[in-house]
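Once you've had a glance at the structure underneath, I'll fire off some questions.
Each reported figure results from applying straightforward, stated rules to the coordinates on display, with no laboratory input. In this text the structure is predicted, and so the values were computed from the model without any measurement. Cβ: placed from backbone, ideal geometry, glycine included. Neighbour counts: every protein chain shown.
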Amino acid sequence: MEQVIINGAILSANYALIALGITLIFGIMNVLNFAHGQLFMIGGLVVYWISAVVGLPYGVGVAAATLSVGLIGMAMERGLFARVMAEAGREENAMLLAVGTAFLLENAALYLFGEKQRGIPPMVQGVYRLGAAFLPANRLVVFLISVALVIAVLVFVHFTRTGRAMRALAQDRTATTLMGVDAGRISMLGFGLGAALAGIAGALLISVTGVNAGVGAAISTKAFIMIMIGGAGVIGGALLGALALGFAEAVGYALFPGSVTYLIIFVALIVFLLVRPQGIMGRPWG
Amino acid sequence: MSFLAVESLTRRFGGLTAVNDISFSVERDEILSLIGPNGAGKSTVFKLIASFLRPTAGRVLLEGAVMSGRRPHEVARAGIVRTFQETTVFKEMTALQNVVVAHQLGLAATAFGAYLGTPAARADAREALESAAEILDYLGLGHIRDEKARNLPQGHLRALGIAIGLSARPRVLLLDEPFAGMNLEETDRAVAMVEGIRRRGITILLVEHDMRAVMRISDRIVVMNFGSRIAEGTPAEIRANPAVIEAYLGRDDETIGS
Amino acid sequence: MARHLAAASAPELARAFDSRRGAFALLLLALLLYGLVPAVFAGRAYWLNVMTNAALLSFASLGVWVTFAIGRVNIGQGAFALIGGYTTALLATVLHWPFWLCLPVSAVVAGGVGFLIGWPLLRLRGIYFAMVTLSLTEATRLFFLNTIRDNGGGVLNIPRPPELATPLAFYLFAATLLLLGCAGVWRLANSRIGWVFRSMRENEELAMSIGIDITRYRILAFVICSAMGGVTGGCFALLQQNIYPATYTIADSINFLLYCFLGGLEFVLGPIVGAFGLVLTFELLRSIQEFQALLYGVLMIVVMLFLPNGLLSLGAVLRRGRGGGR
């Protein structure tokens, strides 16, 4: 029981980074970022390359992963989405462009890093015991960093000028632009921040579960599940979705063999969406 | 029996009562206007009549048949057709295509028949095309029939919206702010157009802000404020009604036409 | 610009009631599929197999195109291909039904599941529909993984009827299927139903207001799509003579979308051009081995950026370019 709670909390914290990132991008750009899982994967592989291949400290790897994935995100916004959104066309175009980007990033990663599962040794050794449960020190560190980052993001979007501009843009793009906010710059930064969060999540999880070039689709799927539960584009919803998915996984893995858990999660999700199509906190359409 | 009867219609959104116990009736071939300050609940009444919303209480009857609770397309088939605020049209189609598509209701052939291209379906297509051309000409849109709707100016879009509504063979046409944003001359033309539609044997219920036009065109007027009905009568009666004057008092954007 | 549009859209309407243009395109497709392909690749089993793949993938994508036509991004076609594939596989191996009976049953089963699931799911729009159908693909994979105990959820040794024993025979069968599917969808898109779909894609509320039963037409589109997915799954099960839960994953569902998109969402031939184009490009890039996937990805992005309305819009783009830009 304690073990399930501990595992659920650790998963939720990490998933929250992924969900925050994708919901931020959706809120600001109205694009469902299919490449989110690939950004996560690249974050992990950059850490692997810096610390296991080059031999620099783990912290340097995380910083490099955050920065490089953030830059990839900004480049995606500038080079692809800003251009496509500017042209009137069918709505689906942006979504499908994100799909194409995911494909490209995955193939680039395959070319650069190969298809092997990559991992790095834990940053800290040791295991704590909490009652009947085990808590590896490394996971505790990952958990604490994730929680700290989630709090930092919340502070950023609520209390800084840029962060508030991002939220305003997500609420009402036209009005915000009229108020003199540079929508182009904020969109780019928002996309960059959302991507960087995915990158950090990957950089942290590589020391726990490892990462391979093909993991992107599965991570994107998890990100989608979380924002479907919570409601797309809503920050509070992303956190709720992360909690729900993290604990559902932890409980499921304790009770059922691996693949049954997700079968149950998917069926429950579909039933849930029939009752509440816009998620817990999402805005209904129309 | 009234042609269209609205009986004790109420709609609540959460704790907010948008429409509170509204009743009125519309007679055949009448033009009835629903007016009131912004947020009075007029548009909600419209959506309730067209079944785009379900009432919390009350009901709408067309010639004695209950419409409330039926799905929007069924209500449209029964003869209650709404138009939309602003300019809701099929933007990627030409004006003519917009109106041809809107002829679904008058067609004889089944969808499957249309798929197979039966003679009935061919006749349908020909008839729809002729009727669409006639409606476009009637509303003064004949010269832009092959323009894509997205390229049309605001005034034409509103007329096109009405053309779409007319194509669905309404018995009651619900017009949502047909004169909004028009100048005097445009309003005059639009008023004449609405009167012409009535002469085609179509009953008209309209929601409007432009008091001058409403006073001119309406047989009767229902006034709403804060979700409730505060007055009903002929334009002359409404103009003299103290409750109506009070509801509009101190509002710069709307004045009662004289 | 205005004059140009007026000139372009009058025939566009005429096309709705005139089948000559479509018949010409179909004839051309038939000539390519029955004439050119067998002539070029006769006796080359590998390439005939590639073309068979492309034809079957086109068929499934045509189904996805139909859901694009009602304005839904459907990432669930893999699920229906799995359902159809397993239906054929199980009927053929357990009950020993002949393939020609298995295939229509696969269509009915997949279409039936589409009907039951589509009813509630189609209330969702936009990214929610996309995400939930994506989940459906994964859920279906997990379903077969957990219900079929042997061989890791796989069904092996599916017998092939003797008349489809050679690569050429199988190719001709796939080509025929594709032609029939294309003719059927083309007719649909250009009949009144196609215009109803189009009106729903542009504005569901407005479509309702003119008396269109959008629920019914949505279901119709989704069932057509699902049934086509089921047929594709059944054919592939027979072609490969096995099926596994991982035969269709989210990536496959996404590929069906990409074929439609890259070919052009405005054109019935779009998914076919997209599927053949991408499958052939991928094969041709095989000679550069390690760069294959990378270059393929780059090419895809380039097409998306510069031809956002698909490869088939190239003609229109060139015409516009000659006419002095937009």
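Can you sort B:GLU185, A:GLU249, B:GLU92 from fewest to most other Cβ atoms within 10 Å of each residue's own Cβ?
Numbers: B:GLU185 8, A:GLU249 20, B:GLU92 16.
Ascending Cβ contact count within 10 Å gives the list B:GLU185, B:GLU92, A:GLU249.
Under a 5 Å amide H to amide H cut-off, with H placed in plane at 1.01 Å, what residues pair with B:ASN225 once short-range neighbours are removed?
B:ILE230
Check which residues have an amide H placed less than 5 Å from A:ARG118's amide H, if you skip close sequence neighbours.
A:VAL211, A:ASN212
Right, something else. Just to confirm the number: angle between the C-alpha axis of helix A:216-230 and the first principal axis of chain A, 0 to 90 degrees, nearest 10?
70 degrees
Another question, if that's okay. Can you pull the Rg over Rh of segment A:224-286, Cα-only, Kirkwood? Mind dumping the intermediate values first?
Values: Rg = 12.1 Å, Rh = 11.9 Å.
Using Cα coordinates only, the ratio equals 1.02.
Determine ³J(HN,Hα), in whole Hz, for all residues of segment A:241-246 in sequence, where each value follows from phi through the Karplus function 6.51 cos²θ - 1.76 cosθ + 1.60 and θ = phi - 60°; x replaces Gly and Pro.
Along segment A:241-246, the couplings run x, 5, 4, 4, 5, x Hz.
Follow-up. If you plug each phi of segment C:166-177 into the Karplus form 6.51 cos²θ - 1.76 cosθ + 1.60 with θ = phi - 60°, what whole-Hz ³J(HN,Hα) values come out, in order, with x for Gly and Pro?
Karplus values, whole Hz, x for Gly and Pro: 8, x, 5, 4, 5, 4, 5, 5, 4, 5, 5, 4.
How many partner chain Cβ atoms sit within 10 Å of a residue's Cβ in peptide C:133-143, on average, as a whole number?
Working: counts 1, 8, 11, 4, 2, 8, 8, 2, 4, 10, 4.
That works out to 6 on average.
Given a cut-off of 18 Å, what percent of all Cα-Cα pairs of segment B:153-222 lie beyond it? It would help to have the intermediate numbers written out before the result.
Values: 745 of 2415 pairs.
Above the 18 Å cut-off, segment B:153-222 has 31 percent of its Cα pairs.
Run lengths n ≥ 4 of DSSP H only: what is the helix-derived mean residue ellipticity at 222 nm for the protein assembly as shown, with -39500 (n - 2.57) per run over all residues, to the nearest 500?
Working: 37 runs with 540 residues, N = 870.
Computed ellipticity for the protein assembly as shown at 222 nm equals -20000 deg cm²/dmol.
State the dimensionless ratio Rg/Rh of chain B (Rg: radius of gyration of Cα atoms; Rh: Kirkwood radius). Provide the component values of the computation, followed by the final result.
Details: Rg = 18.8 Å, Rh = 19.1 Å.
Ratio of gyration radius to Kirkwood radius for chain B: 0.99.
Over what distance in Å are the Cα centres of segment C:188-225 and segment C:105-182 separated?
Taking the Cα centre of segment C:105-182 as reference, the centre of segment C:188-225 is 24 Å away.
Are there any GluC sites (Glu not before Pro) in segment A:47-123 that are in a DSSP loop and have at most 11 other Cβ atoms within 10 Å? List them by number.
Values: sites: A:GLU77, A:GLU87, A:GLU91, A:GLU92, A:GLU106, A:GLU115; in loops: A:GLU87, A:GLU91, A:GLU115.
Passing sites in segment A:47-123 are A:GLU87, A:GLU115.
Could I ask something else about it? Using alpha-carbon positions, what is the distance between the centroids of segment A:220-286 and segment B:177-237, in Å?
Here the answer is 49 Å between Cα centres.
Just to be sure I follow: if Rg is taken over the C-alpha atoms of the protein assembly as shown and Rh is the Kirkwood radius over the same atoms, what is Rg/Rh?
Working: Rg = 29.7 Å, Rh = 29.8 Å.
Radius of gyration relative to Kirkwood radius: 1.00.
Run down the aspartates and glutamates and flag those whose C-alpha is under 12 Å from the C-alpha of B:LYS148, throwing out any fewer than 8 positions away in its chain.
Hits, sequence-local ones excluded: B:GLU92, C:GLU12.
May I pose another question? In what order do B:HIS103, B:HIS143, A:HIS36, C:HIS96 fall by count of nearby beta-carbon atoms within 10 Å, going from fewest to most? Write out the running numbers ahead of the final one.
Numbers: B:HIS103 25, B:HIS143 11, A:HIS36 30, C:HIS96 8.
The fewest-first ordering by Cβ neighbours comes to C:HIS96, B:HIS143, B:HIS103, A:HIS36.
Please turn the phi angles of segment A:167-184 into ³J(HN,Hα) values with the Karplus equation 6.51 cos²θ - 1.76 cosθ + 1.60 (θ = phi - 60°), one per residue in order, whole Hz, x for glycine and proline.
5, 4, 4, 5, 6, 7, 5, 4, 4, 5, 5, 5, 6, x, 7, 6, 4, x
Right, here's the next one. Hey, which lysines would be in cross-link range of A:LYS116, C-alpha to C-alpha under 28 Å, not counting anything within fewer than 8 residues on its own chain?
Reachable lysines: A:LYS222.
Rg and Dmax of segment B:90-169 over Cα atoms: what are they, in angstrom?
Looking at segment B:90-169, its Cα Rg and Dmax stand at 12.8, 39 Å.
Can you grab the distance from the C-alpha centre of segment C:231-274 to the C-alpha centre of segment B:44-108, Å, no decimals?
Rounded to whole Å, the Cα centres lie 38 Å apart.
Let me ask something else. Just tell me which aspartates and glutamates come within less than 12 Å, Cα to Cα, of B:LYS47; anything on the same chain fewer than 8 places away is out.
B:ASP176, C:GLU205
Still on this structure, I have one more. If R0 is 30 Å, what FRET efficiency do you get for A:ASP182 and A:LEU154 from their C-beta distance, rounded to 0.05?
It comes out at approximately 0.80.
I'm checking a number: the convex hull volume of the Cα atoms of segment C:44-250, normalised per residue, in Å³. What is it? Mind showing how you got there, number by number?
Numbers: hull volume 23.2 nm³, N = 207.
That works out to 112 Å³ per residue.
Can you work out the base-10 log of I(q)/I(0) for segment A:2-215 at q = 0.07, 0.10, 0.13, 0.16 1/Å, using the Debye formula on its C-alpha atoms alone?
-0.23, -0.46, -0.75, -1.05
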